[in-house]
1. If a residue must be over 14 Å from the mean Cα position of the chain (by Cα), outside any strand (DSSP E or B) and not acidic (Asp, Glu), how many such residues does region 130-169 contain?
2. Taking region 98-129, which residues are within 20 Å of residue 63 (Cβ to Cβ), assigned to a loop (DSSP other than H, G, I, E, B) and under 15 Å from the mean Cα position of the chain (by Cα)?
3. So which of 68, 123, 53 is closer than 20 Å to residue 160 by Cβ, touching a Gly at 6+ places or on another chain (Cβ under 8 Å) and surrounded by 14 or more Cβ atoms within 10 Å (Cβ to Cβ)?
4. For region 1-46, give me every one of the strands (runs of 3 or more DSSP E) that falls completely inside it and has 2 or more residues that are of a type in the set (Ser, Thr, Tyr) and open to solvent by less than 40 Å² (accessible area, probe 1.4 Å).
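The values are calculated or read from the model by the stated rules, or taken from the named source; none is laboratory data. Computed from a prediction, not measured in an experiment: that's the story for all the values here. Every residue, glycine as well, gets a Cβ built from its backbone with ideal geometry; the counts of neighbours run over all protein chains shown. When the accessible area is computed, the model is the full protein with side chains, heavy atoms only, and any ligands, DNA or RNA have been set aside. Shrake-Rupley method; radii C 1.70, N 1.55, O 1.52, S 1.80 Å.
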Amino acid sequence: MAKFEELSPDEFKKSPFKIIGKAWMLVTAKKDNDVNTMTAGWGGLGVMWGKNVAFVVIRPQRYTREFVDSSETFSLSFFDVKYKKQLGYLGSVSGRDEDKITKSGLTVLEHEDTPYFKEAKTVLLCKKLYKQEMKSECFINQELDEKWYPDKDYHEMYIAEIEKIMIKK
């Protein structure tokens, strides 16, 4: 059984630029008794409203968005580089079409009804605080809108309180 220990936010030394932007993460949530996940490489960590927070963005067509919307919580799981192939697979296949978690070979665990992965190296358990749709008129730099949203399928941004940070022993 995987053993995780809780880490205080002040002890968390990982660069969000590396663990999110370069190594990627899985955004995972539960709806009813089902779990779905998606790979993400955009997001961040910081402080908002006096709370330690994570923010993630999810496009409206992603199946995982339904799970995040249906739950009060979600997890962000970070892995060693040896799991890059599984993360690539989980980001390219929809849970609507197949049981992609089982096919990936990863194992779902839960902490107080929030799913995460046994194979993860670091897990952030998050409670949703805020959601907002990104909009064309909000871009100060319109080149970003043209480059990243040619189909106008704008991400929805979620800001969530980091309730627990768990590091694998």
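1. 16
2. None - no residue of region 98-129 is within 20 Å of residue 63 (Cβ to Cβ), assigned to a loop (DSSP other than H, G, I, E, B) and under 15 Å from the mean Cα position of the chain (by Cα), so the list stays empty.
3. Just one listed residue meets the conditions, 53.
4. Numbers: elements: 4-7, 25-31, 34-40.
Output list reads 34-40.
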